[in-house]
Each structure stands twice: as structure tokens, then as C-alpha cells.
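Structure, as C-alpha cells:
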Amino acid sequence: MSSRLNHPGVTAWVTAWVTAVSYFIFLVLMLNQRDPGTFPHAGDSFADASKTPADLIVLANSSGYDGQFYYRLALKPFTHTRTDFGIQIDNPRYRQQRILYPLLAWIVSFGSPALVTNALILVNFLALIWLGYSAGQYANLAGRHALWGVVFSLYPGFLLTLSRDLAEIVEAAFVLAGVVALLQKRDTVASTVLSLAILAKETALLTAVSLIAQRKYWKAAIAPLAVYGLWQLFMNWWWGHLLDGSIRVNIGWPFLGLVQGFEITNDPQRWLIEAGLLSIFFLCVLFSIRRSKAQLAIKAAWGFYILLLLVLTKNVWLEDWAFLRAATLGVLLGTAVLLQTKSRSANICLMGILLAWLWLAYDLLHI
């Protein structure tokens, strides 16, 4: 039976099914408690409930969360207007650079505003299944049982992304598919999906940059880097200005944001548990990286994402909804490193991800 599950083409689908069932159960339980219209987490600081589509639920006396802007873009992806459908985008140029997730939701909804809340959830769910499939492929390529791949798709941060209609799942799905394509020597496919990952969220750029560290992969970096540059130039022209204060708000001195985030968090106990588990995982990757057979480009990408995490400001580190999202690709690439490190400590760290997923899923369903 084990050999059948490890057969190429079968194993990846097994991991995809495990991923699908896990998140389907979570979504059924979540939707039993919440209306799909609450997922964008729209607040009346940016959304006027009297003008928004009827299925969107707007929270009173709230600034809402990032999902409300993805929702707004999913109504009209290539908008040129800051306020429409009763929703004001706080920073249009910054938000619209992450076009892929809302664009996919717009396509799935056939451009119908009445279907957008469900389309945003569906796109993330389908992206998780695809990520699960790529995860099974990666595990198989690493010489492990494909079901080890679920440590990619059952990253706890994806529960948060799924619960508030955010873009990290789509970004991660394209990044992992690109990594797998590189290992399969399908450079054109890898270059294409990594380019799309950058259109999901600009942080995927670091994965493309890391390819330059390994001679045989550098050509696959050309298209993603070009797409990023051209898209940023188009955004500058589209909105008539450069990217403004977002970088200053989110990037600062190393470690300072982490310390200040803990000082102002509303739930220090939860913060310590989650940031502590994240730190243990990253230390495990650090101590395993020399023994890992992972490609140099994967190790370099992991290093870039750790450096990025360390310079994020208190605006990211103040709560898990932000820092677990920011850590997504760091954990993804760290998992890739550990899967190619066949040691007991690496396996324990990987299993810890699954336990953390179960804990957070339970916690979110009992808030």
C-alpha cells in the first residue's frame, strides 16, 4: 500500500485530498458560525453599509482588515477609482499591485458582485488543494512519503488567510508550484508561475531573486523580475505616483518591531505561544540547513524571508493575524529545507506544524 501511495502522479493527489478534506471540514464548521459576508472583515471606516453589495457585512465602529480591499478589487479588479461600491481603498496603488487573488475571484464570480464573497473563499480553497498537490510532488522529489507534503498545506497561518479573504494562500501555491517545476527541470513553467506569484503578492519577488544564487536556475528568474518591474511601472502610471508610505510603515530596524509588537499586543500570552513556536521552527531549519539536500536557491530564499521578518515593524508584529501571514513563505521554504533533512529533529519540527494547525483551527472555531 505504501509503495502505491508513493507512485508519482498518485501520491500528489493523495496529499491534495487530505488538504481538501481538512480545509473543507474547517470551512463547514466556520460557515456554520459565520456568514460568508463577514470573511472580508469590512469596517465602517472604509465601507458604507448603505452602498455596499447586500451580501457584505460591515462591522460598526471598525477599521476592518485587509480582506475588505481584496473584496473591493474582486468587484472590479482594474479599477481606477479609490471609492466605488461603497468601499474606499486606503492605499489603491499598494493594494492593486496584489491583483492576482481578486482577479481570480472576479473570474470565478463571472463579474457578478452577488457572487464575490463566495468566490473569494472558493479561490483560496482551490489554491490550497493545488498547493497540497504541489506539496505531495515536492515530498516525493525529496525522497519522502508524499503525505509528508501536508506540512506545507497545513501551515497554521493559512487558517487566518482563509478566514479573512487574504492573498497569502494564492501566493504560496504559485511559489511552491514554481519550486516543484524547477526541480522537475521545467524552467518555463517555473518562470511563469513565479511571475504570477509576484502578482499575487510582491514578497514572492525574493524567491525569484534567490534563483540567481544557483547557476542552473538563474534564467528562470528573468521573467519574474521583468514582470515585477513592468507591473510596478504600470502601477505608478495607473495611479500617478510611486509607492508611498507603506514601506516606511512596515520596514524598520532589525528586531525592534518584534519587541515593540509584543509590548503593544492585546494578547501577550497568545503572542508568546505563536511567536515562540515560529522561532523554534526557524531555529530547527537553521541548525538543519547545512545537512539538508535542498537546493541552494531554496536555502537562499529561506534566508531572505527570515531577514525580511526580522526588519518588519510593530505594525506587523503586534498580532498573529499579521505576523503569521508575513511568515508564510519563510515557513514554506523552511519546510522545503527540512523535508530534505532526514533526521529525527527535523521530523519533530515538521510534525509540530500539524499540531499547531489543529490547535489554531480549534481556537478559531471557538472564538
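Miscellaneous remarks
- Residues located in segment 85-110, provided they are modelled with pLDDT of 95 or more, in a loop (DSSP other than H, G, I, E, B) and more than 17 Å from Pro36 (Cβ to Cβ): Gly86, Ile89, Gln97, Arg98, Ile99
- Per-region count, segment 225-263, residues modelled with pLDDT under 95 and β-branched (Val, Ile, Thr): 3
- Tabulated pairs, segment 115-136, first closer than 17 Å to Gly149 by Cα, second outside any helix (DSSP H, G or I) and modelled with pLDDT of 95 or more, C-beta under 9 angstrom, 6+ apart or interchain: Gly132/Leu154
- From the list Leu131, Leu122, the lone residue that is under 19 Å from the mean Cα position of the chain (by Cα), over 21 Å from Leu73 (Cα atoms) and among the aliphatic types (A, V, I, L, M) is Leu131.
- Complete set of residues in segment 188-219 that are free of Cβ contacts under 8 Å to residues at least 40 places away in the same chain, touching a Leu at 6+ places or on another chain (Cβ under 7 Å) and small (Gly, Ala, Ser): Ala190, Ala208
- Matching residues, segment 203-219, being modelled with pLDDT under 95 and either among the charged types (D, E, K, R) or surrounded by 23 or more Cβ atoms within 10 Å (Cβ to Cβ) (or both): Arg215, Lys216, Lys219
- Residues in segment 61-76 that are surrounded by 19 or more Cβ atoms within 10 Å (Cβ to Cβ) and under 26 Å from Leu194 (Cα atoms): Asp66, Gly67, Gln68, Phe69, Tyr70, Tyr71, Arg72, Leu73, Ala74, Leu75.
- When the helices (runs of 4 or more DSSP H) confined to segment 263-367 are screened for residues that are in contact with a strand residue (DSSP E or B) (Cβ under 9 Å, 6 or more places away or on another chain), hydrophobic (A, V, I, L, M, F, W, C) and within 21 Å of Leu166 (Cα to Cα), those reaching at least 3 such residues are found at 320-326.
- Selection of segment 59-84 for residues being in a loop (DSSP other than H, G, I, E, B), among the aromatic types (Phe, Trp, Tyr) and within 23 Å of His241 (Cβ to Cβ) yields only Phe78.
- Selection status of Val175, more than 30 Å from Arg270 (Cβ to Cβ), of a type in the set (Val, Ile, Thr) and out of contact with any Gly (no Cβ under 7 Å at 6 or more places or on another chain): no
- Filtered by the rule that a residue be exposed (fewer than 15 other Cβ atoms within 10 Å of the Cβ) and either among the hydroxyl-bearing types (Ser, Thr, Tyr) or not in a loop (DSSP other than H, G, I, E, B) (or both), segment 46-58 gives a lone residue, Ser50.
- Residue list for segment 179-202, restricted to those being in contact with a helix residue (DSSP H, G or I) (Cβ under 6 Å, 6 or more places away or on another chain), buried (at least 17 other Cβ atoms within 10 Å of the Cβ) and either within 23 Å of Leu309 (Cβ to Cβ) or β-branched (Val, Ile, Thr) (or both): Val180, Val193, Leu194, Ala197, Ile198, Leu199, Ala200, Lys201
- Of the residues making up segment 144-155, one or more are over 18 Å from the mean Cα position of the chain (by Cα), of a type outside the set (Asp, Glu) and crowded, with 24+ Cβ neighbours inside 10 Å.
- Only one of the listed residues (Arg248, Arg325, Arg270) is over 22 Å from Ala146 (Cα atoms), free of Cβ contacts under 8 Å to residues at least 12 places away in the same chain and of a type in the set (Lys, Arg). That residue is Arg248.
- Test: residue in segment 114-137 that is farther than 24 Å from Ala336 by Cα and not aliphatic (A, V, I, L, M): yes
- Selection count, segment 305-324, where residues are more than 16 Å from the chain's Cα centre (by Cα) and among the aromatic types (Phe, Trp, Tyr): 1
The values are calculated or read from the model by the stated rules, or taken from the named source; none is laboratory data. Predicted, not measured: the structure shown is a model, and the values here were computed from it. FYI the Cβ positions are ideal-geometry reconstructions off the backbone, even for glycines, and counts take in every protein chain you see.
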